[in-house]
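A short worksheet on the structure shown next.
The values are calculated or read from the model by the stated rules, or taken from the named source; none is laboratory data. Here the structure is a predicted model, which means the values were calculated and not measured. All Cβ positions, glycine included, derive from the backbone under ideal geometry; neighbour counts span all protein chains shown.
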2 protein chains.
Amino acid sequence: MSPHRIGVTEVVLRDGHQSLLATRMATEDMVAACEDIDQAGYWSVECWGGATFDACIRYLNEDPWERLRRFRALLPNSKLQMLLRGQNLLGYRHYEDHVVDKFVEKSADNGMDIFRVFDALNDPRNMARAMAAVRRTGKHAQGTICYTISPLHTVEGYVKLAGQLLDMGAESLCLKDMAALLQPQPAYDIIRGIKERYGDVHIAVHCHSTSGVTMVALMKAIEAGADSVDTSISSLSLGPGHNPTESLVEMLEGTGYDTGLDMDRLIQIRDHFARIRPKYEAFESSVIVDPDILRTQIPGGMLSNLESQLKAQGAGDKVREVMDEVPEVKAAAGHPPLVTPTSQIVGTQAVFNVLMGPYKRLTGEFADLMLGYYGETIGPRDPEVQEIARAQAKKDPITVRPADLLEPEWDRLVGEAAKLRGVNGSDEDVLTYALFPTVAPGFFETRAAGPKSVAKTESQLAAEREAKARGVALTGPVKYKVSLGPGRTHTVQVEPA
Amino acid sequence: MSPHRIGVTEVVLRDGHQSLLATRMATEDMVAACEDIDQAGYWSVECWGGATFDACIRYLNEDPWERLRRFRALLPNSKLQMLLRGQNLLGYRHYEDHVVDKFVEKSADNGMDIFRVFDALNDPRNMARAMAAVRRTGKHAQGTICYTISPLHTVEGYVKLAGQLLDMGAESLCLKDMAALLQPQPAYDIIRGIKERYGDVHIAVHCHSTSGVTMVALMKAIEAGADSVDTSISSLSLGPGHNPTESLVEMLEGTGYDTGLDMDRLIQIRDHFARIRPKYEAFESSVIVDPDILRTQIPGGMLSNLESQLKAQGAGDKVREVMDEVPEVKAAAGHPPLVTPTSQIVGTQAVFNVLMGPYKRLTGEFADLMLGYYGETIGPRDPEVQEIARAQAKKDPITVRPADLLEPEWDRLVGEAAKLRGVNGSDEDVLTYALFPTVAPGFFETRAAGPKSVAKTESQLAAEREAKARGVALTGPVKYKVSLGPGRTHTVQVEPA
C-alpha cells in the first residue's frame, strides 16, 4: 500500500521570520533559497500577509507588491499562499466591499494562488466578501477557523463553523492555532468531526510551537484525517514560531503517512536560513518554550505587551492582577479568540480596569468590540458593560455586518493616493495607501532609493565572530573619557587593533 | 472512568543540566527547588549519574556522595533515581564484580532508590552483576534498552532484549533514546511488542529532544502502554535536552491519560530554574533543533567532537568524509549503539581512517572493541579488521564476559586510596578514587575548602543586565596600557562612566 500523502505548507518566508525575527527579513535574504523551496515538493509556500506587507514599507523600503512578483518569478512551480484578515484585508479596520474585491483581484494578478481567509472573531460575515472575491478570480479560497479555548468553544462549535465556511464556498479549510493552544485530543476531535460531517474536504492545520505540545497535535490531526500541515524549516523554527519541517518528515517515517518532501532540498533550505538568521539577531525573540500559555490562555506576545504597558505606567507590580483580569474582560466581551486585534483590545482594557477600576474608562476599540463593530462573538456580551460602552462611545450597538455600514471608499482612496509624492498611479499603490495610510506616504517618497536591509552585513558578522574568538568585547570604535588625575582628562577612541 | 496514570521522571537535577549546561550546576542552585519537586507528584527524580559525579569532583569541589545525601534529606517523599553504566559503574572501564557490589550497596545506603542500569553495547552480561547487586539491597533495578538505528536493529530484537533483562530480574524496563533517534512508529511498536510478549511490566521511556520528533514518540509510546516517561522542567528543556515536563501534562489533557502532577508546583520549579539558567550561560549548548541526526545517525555531541578533532589536525575540510566513514566503522564493529564510550571510539577511528587510510592505525580502544573487550555487539565484527586489531594490540579476541578476566581489586583500591591526602577512610572515598583515579586525588586535597561554584554570581548578572541596558560593552573595570608615543605609556583603568 502506498503511503497516504500529507501536504506541507512551508511558512519560513512569512510566519517563520514574522514569529522569530519580528518580520524583518529582507527579500534579498530569501532569494537564494527559492529554487530549493520551489523544488522540495511543498503543497504550498506561504509568503505574504499583513505583517510582512507592513514591515516591507515601514522598515525595509521594499514594495510588497514587488516582493510578491519576485516570489512568483522565483517559485514558478509552487502555489503561493497568503494570510488575509477577511474584511480587514491586511490592515486594522474593516474595508468597504469594493476595496476588498480590488485587493483580492490585484493579489491574484500579481501571482497569489491560495488565500487563507480568517477573522479574529470567527464571524463568517467578515470573511464572506473576501472568499467570494477569491472565487471570482479562480484562485483557491481557504476558509479559516481560529482556534481558542473558552467555556463556550466546543468541538461541535468548530465543526459547525467549518460547515458555514464550506457553505460560503471555501475550497479547503484551515484550523489555525495562532497561540499554540491546540492540544492533541481537541486537534483529533475537531478534524475527525469535520471529516465525518462534511466528507472529503481538504483540511490544513496551522500551529505555533510555543507550548511544546503542538507537534503532537499535528500527529493526531493527521491521524484524524488532516490533509496538510504548516511547518517552518528547522533553522527558523520552534519557540514562538512553528514546528520544524524536517522533524515532520521524520515524524511520519513508518507510519503509513508521508510528505513526499525531498530531504536534500530541505537541508539546503535549512543551511541557507541558518546562515541568514544571525544577521537578524537583534530582532530575535527570547522565548524557547512556554507551556504556561495553556493555563493562562494569554499568548506570549500579549503577556510581554501587558508587562511593558504596566511598566510604562509605573505599575509593573500589577502583572498578576492584570493576568487575572484578562479572562474576566474576555468573558464580558463574549469570549473572542485572543489574536490581533482582539488580544490588544482585551489586554489594554484589562490594564485600564486594574489601574482605574472595572470599566471606569473604556478604550474606543473596546467600546466598539462591545457594541458589535468588530462583528459577532461566540457568546453574549455583558449587558452592563455594553451599556457603559454605549454611553461612553455615544453609539448604539449593531447586529448587522459591520462593513454594511461603510460608504463606498475606493474613489476617495484613489484621489487621496494620487496626491502623494512618489505614487506611481497603480491600483497596487492605492491599496498600499488604503492599508497603511500613515506609513505609505513616507514609503512612496523613499521607494526609488530601493531596499534598505536592517540586517547585519556579512562583514559585521565576521568582525563580531573574530572579536569573540579573540575575547575582545568591543566590535567597533567606542569613545571613553579617561581621567589620569585633576585636569588631565582625555577623550580617547578605542577599537580592536 | 478515571484516567490512566502516566508516571513522570523529572531529570532536571541530572540529565537536564548535563545536556544543556555541561553538567555544571552546583547543588546550591538546586536546593531551593527541592521542596516543590518533592511535592509535585513525580514517579521518580533522576539526580545522580556518571557525568554529575565527575563534574562534582572535577569542577565544583563537591563531594558527590554528600550531594546524594542532601537530595535524600531534601526529597523525603521522592524516589531518587540514578543512571548506572552496568559493569562500568560511573567510570570508563569494567570493574571487578566486588567493586560493583560495593558501589551499589553504598549508593543504596546513601539514599538511592531506583537504579537504571544500562550498557553501551546492550550486552546483558555487562548489566547482570549490577542488577543482582541492586536486588540484594532491596532497591529497584531497572533494565535498560539503548535505542539505536542500524540494519540489524529491529523491533523484534529490542523485544527479545527486554526479555533477557526481565529474566535477569529487572523490576522495570527503560527504553533509552540518548541520541534523539526514536521516532513515533518504532516507539509504538517496541513498547507494544514488549507489553504483548511479557504482560504488565512497567516500561519507562527516556528521550532527548534534539530531533524535534520525540515528544510525538512519547505520545505514541504512551498509547502503546508505556507506564512512565522522562521529562525536564521547561526552563531547562529542549535542544539537546529533554521534552518539557509541563508540555507533557498539557499534551495528555483530555486523552484518557494523565500525569497527576501539580501544575502550581511545576510553575514554581520552572521559575526557579529560569532564574538559575543565566548563571551558567557560558556552558550553554547552541543547538536548538537538529532533525538531521536521524539521517546521519551521528549524535550532535559526537559531530562537534569530530569537528574539533579534525580542526586540531588541520583537516577541518574532511568533516564530510569522516561523516561518511562513521557508518562504515560502525558496521565493521558490529553496529554498536553510538553512545558514551562507543561514540568516541567509533568517531576517533573514523578520523584515523580518513587521515591515515583505512585501519592503518587503530586506537587502543577501537582494538579492544573489535576484540570483544567491551562485550558483544549485535552484529558480527569484520574479520579482517579484527585480525588487524589482534596483530596491533597483541591480544586475542575474547568471547567471555569481559569482567570475568579481571582480578579482585577492592583491597588494592582501598590501599591506594588510603595513601591519598584528604581521604576520610570511607568506602565512599575508595569508590570515588576507583571511578576517577586521576581526578579524585586533587579533589580529596581541596575538599575541605567546600563547594566552588562555576556559575556567575547574582551581582555579576545584575551588572551585565545593567551594562546591556546602557549599551556599554564593558561590565567591570578593565586596565589598559595606553601608548601615546615613545616614553609616554600610561596604565589606565576604564569603566563605564
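Report, by residue number, each residue of the range B:344-375 that is β-branched (Val, Ile, Thr) and part of a helix (DSSP H, G or I).
B:345, B:346, B:348, B:351, B:354, listed by residue number.
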Which condition number in (1) surrounded by fewer than 24 Cβ atoms within 10 Å (Cβ to Cβ); (2) touching a residue at least 40 places away in the same chain (Cβ under 8 Å); (3) in contact with a strand residue (DSSP E or B) (Cβ under 9 Å, 6 or more places away or on another chain) is the one that residue B:132 fails? (2)
Please go through the range B:288-312 and give me each residue that is under 20 Å from the mean Cα position of the chain (by Cα) and farther than 17 Å from residue B:339 by Cβ, ordered by number. B:288, B:289
Scanning the range B:374-391 for residues that are farther than 17 Å from residue B:348 by Cα and in contact (Cβ under 8 Å) with a residue 40 or more places away in the chain, which turns out surrounded by the fewest Cβ atoms within 10 Å (Cβ to Cβ)? B:380
Can you pull out the residues in the range B:359-397 that are of a type in the set (A, V, I, L, M) and farther than 16 Å from residue B:336 by Cβ? B:388, B:391, B:393
Looking only at the range B:240-264, and only at residues there that are surrounded by fewer than 24 Cβ atoms within 10 Å (Cβ to Cβ) and of a type in the set (Gly, Ala, Ser), the one that is farthest from residue A:243 (Cα to Cα): B:260
Among the residues of the range A:394-416, what is the count of those that are assigned to a loop (DSSP other than H, G, I, E, B) and free of Cβ contacts under 8 Å to residues at least 40 places away in the same chain? 7
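Is there a residue being touching a Ser or Thr at 6+ places or on another chain (Cβ under 8 Å), farther than 27 Å from residue A:414 by Cβ and not aromatic (Phe, Trp, Tyr) anywhere in the range A:69-78?
Yes; the residues of the range A:69-78 include at least one that is touching a Ser or Thr at 6+ places or on another chain (Cβ under 8 Å), farther than 27 Å from residue A:414 by Cβ and not aromatic (Phe, Trp, Tyr).
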Could you tell me whether any residue of the range B:330-343 is more than 27 Å from the chain's Cα centre (by Cα) and either part of a helix (DSSP H, G or I) or modelled with pLDDT under 90 (or both)? no
Among B:307, B:384, the single one that is over 26 Å from residue A:233 (Cβ atoms) and of a type in the set (Asp, Glu) is B:384
Only listed residue being in contact (Cβ under 8 Å) with a residue 24 or more places away in the chain, surrounded by 24 or more Cβ atoms within 10 Å (Cβ to Cβ) and either over 13 Å from the mean Cα position of the chain (by Cα) or within 26 Å of residue A:376 (Cβ to Cβ) (or both), chosen from A:84, A:75: A:84
Pick out, from the range B:211-285, the helices (runs of 4 or more DSSP H) lying fully within it that include 1 or more residues that are farther than 30 Å from residue B:28 by Cα, more than 11 Å from chain A (Cβ to nearest Cβ) and modelled with pLDDT of 95 or more. B:214-223
Across the range B:199-210, what is the total count of residues that are assigned to a loop (DSSP other than H, G, I, E, B), within 20 Å of residue B:19 (Cβ to Cβ) and not β-branched (Val, Ile, Thr)? 2
If residue A:92 satisfies all but one of (1) aromatic (Phe, Trp, Tyr); (2) in a strand (DSSP E or B); (3) closer than 23 Å to residue A:413 by Cα, what's the number of the condition it fails? (2)
I'm trying to understand the selection: among the residues of the range B:24-73, which are of a type in the set (Phe, Trp, Tyr) and part of a loop (DSSP other than H, G, I, E, B)? B:42, B:43, B:59
Count of the range B:197-229 residues which are more than 26 Å from residue A:231 (Cα to Cα) and either buried (at least 24 other Cβ atoms within 10 Å of the Cβ) or of a type outside the set (A, V, I, L, M) (or both): 13
Filter the range A:417-455 down to residues that are within 26 Å of residue A:94 (Cα to Cα) and part of a helix (DSSP H, G or I), then give me how many there are. 16
Return the pair list, or none, for Cβ contacts closer than 6 Å from residues in the range B:138-161 that are in contact (Cβ under 8 Å) with a residue 24 or more places away in the chain to residues that are in a strand (DSSP E or B) and aromatic (Phe, Trp, Tyr), at least 6 apart or on different chains. B:141/B:115
Restricted to the range B:286-307, and to residues that are in a helix (DSSP H, G or I) and modelled with pLDDT of 80 or more, which residue is nearest to the other protein chains (Cβ to nearest Cβ)? B:294
Pick from the range A:265-287, criterion surrounded by 15 or more Cβ atoms within 10 Å (Cβ to Cβ) and among the hydroxyl-bearing types (Ser, Thr, Tyr), ranking: farthest from the chain's Cα centre (by Cα): A:280
Screening B:297, B:344 for residues that are touching a residue at least 60 places away in the same chain (Cβ under 8 Å) and closer than 26 Å to residue B:383 by Cβ leaves only B:297
